[in-house]
Each structure stands twice: as structure tokens, then as C-alpha cells.
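Just so it is clear, none of the values below were taken in a lab; they were calculated from the coordinates. Fair warning: this is a prediction, and the values are worked out from it, not measured in the lab. Virtual Cβ from ideal backbone geometry, glycine too; neighbours counted across all protein chains shown.
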Amino acid sequence: VKTNHYLIDEFQDTSALQLGNLDLMLHEALSNGGTVFYVGDKKQSIYRFRGAKSSLFDEIIERFNQYPHELKYLEKNYRSQAEIINFNNEIFSTDNLAGFIKDISGNKKEVESYSEFIISSFEQSKQLPDEKNIYGKVEVHIIDESKKSQSDETIKDKIIVMLKKLVQDVQLGDIAIVCRTNDEVETISSWLI
């Protein structure tokens with residue numbers, strides 16, 4: 001069976017090895033009038049430990065530049081609510097990223113190399129919300145983790161207060177608490193139970 005059309009979803013999770021494995025098939029399809037359509041979000045690239053390279057977004061264009069191509073950025077986000085989109089736009093803004101990189105690195109050369117890569121990765125990430133998605137809520141609380149026992153109590157208190165406020169406007173089933181580790185999930189679940 002000959003395949004002339006390819007769709008690669010979640011392209012930000014693609015490794016150089018995976019793309020290399022597809023290389024000849026993609027060239028074959030494109031040289032016969034086929035298509036390669038890939039979609040992804042550099043901000044969601046979390047599989048670097050498995051070899052994923054967000055730089056492949058740019059490399060694939062150069063790799064197949066002899067074929068006609070079109071690059072599109074989705075300017076409108078239909079999935080998320082306005083408050084979340086606006087928060088992400090601010091977090092991933094050029095000024096905010098540059099300031100963050102400068103704060104975490106004392107080495108000037110390191111700052112320049114990180115800054116260039118990260119800022120170029122996110123310079124097209126700003127989105128507009130769908131006019132119907134006017135809700136959402138984002139709150140950020142910075143907690144001193146150096147005092148672990150106190151920080152757990154502080155986090156617990158803040159979550160409970162926040163949930164009590166939220167249930168006045170939304171159903172409990174519409175609230176998500178995102179954690180980094182399974183241990184955090186267990187701890188927060190025990191507080192809520």
C-alpha cells in the first residue's frame with residue numbers, strides 16, 4: 001500500500017530519530033504530489049527526556065524546502081477560556097521570558113543562548129480567545145518551600161479557601177487541580193477527602 005498523505009499530530013513530541021525514520025516516506029509522498037501535514041505546540045513540548053525536539057518545527061521546513069509548503073499559526077484558541085489564554089500570553093511574552101531567563105542564569109553567554117532559543121520558540125504563541133469563551137480564572141500564589149511543613153499548611157488553607165469561593169459560581173466537577181507528582185496528588189486528595 002502506497003501512502004501519499006501524512007498527518008503528524010503532537011509534533012512537539014517528535015524526536016529526530018522518529019522524523020529520520022519517516023524521512024524517505026515523506027520525501028516519496030511529497031515528490032508524488034502528496035502532502036505532509038503536521039501540527040503541534042512548542043509550549044507543550046515536555047518529552048525532551050525521550051528525545052523530543054521542538055526545534056524540529058523549523059528543521060522539517062528546511063529538510064523538505066524543495067517542495068511547496070505553507071506555515072500557519074493558529075491565532076484563535078477555541079478550547080480555553082479568555083482568562084487562561086490571557087495568562088498564557090503574559091507568561092510566554094517576549095519580555096517575561098527574557099526576564100525569567102536573566103533571573104535564573106548568572107552566566108551572560110548562557111542567558112543569550114537560552115534566550116534566543118526560548119524566545120524564538122514562543123514568539124508566535126500569542127492567541128486570542130473565542131468571543132464565547134469569556135470565563136476562566138487563574139490565580140498564582142508563591143509559597144516559600146524552604147519551610148516544608150508550613151508550606152503544606154499554607155497550600156492546604158489556600159486550596160480550601162479557593163474552592164469555597166469557586167463553588168459559589170461553578171460545579172465541583174468543573175474544577176481541576178493540577179499537580180506535578182503523584183505524591184502531591186495523594187496529599188491534596190487527602191485534604192479534600
- Item | Over 29 Å (Cα to Cα) - which of 76/137; 43/102; 42/156; 42/158; 43/137 fall in this group | 42/156; 42/158
- Rounded to 0.05, the calculated FRET efficiency for the beta carbons of residue 7 and residue 132 at R₀ = 30 Å is 0.60
- Query: Roughly how many nanometres apart are two label points built 7 Å out from the Cα toward the Cβ at residue 181 and residue 28?
  - Reply: 4.7
- Task: Give, in nm to one decimal, the length gained when the segment between residue 190 and residue 63 is fully stretched (0.36 nm per residue of separation minus the Cα-Cα distance).
- Result: 40.6 nm
- Query: What does the helix-only formula give at 222 nm for the chain: each DSSP H stretch with n ≥ 4 adding -39500 (n - 2.57), the total divided by the residues, and the result rounded to the nearest 500 deg cm²/dmol?
  - Reply: -14500 deg cm²/dmol
- Query: Taking amide H positions as placed 1.01 Å from N in the peptide plane, with prolines and chain starts having none, which residues 5 or more places from residue 35, or on another chain, fall under 5 Å of its amide H?
  - Reply: 5, 6
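Hull surface divided by four, with the convex hull built on the Cα atoms of segment 136-193: how many nm²?
4.4
Could you work out the relative contact order of segment 1-100, using alpha carbon pairs under 8 angstrom and six or more residues apart, expressed as a whole percent?
It comes to 29 percent, rounded to a whole number.
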- Query: Once whole DSSP H runs in the chain are found, which of them have Cα atoms spread over 24 Å or more along the helix axis and a mean Kyte-Doolittle score of at least -0.5?
  - Reply: 148-166
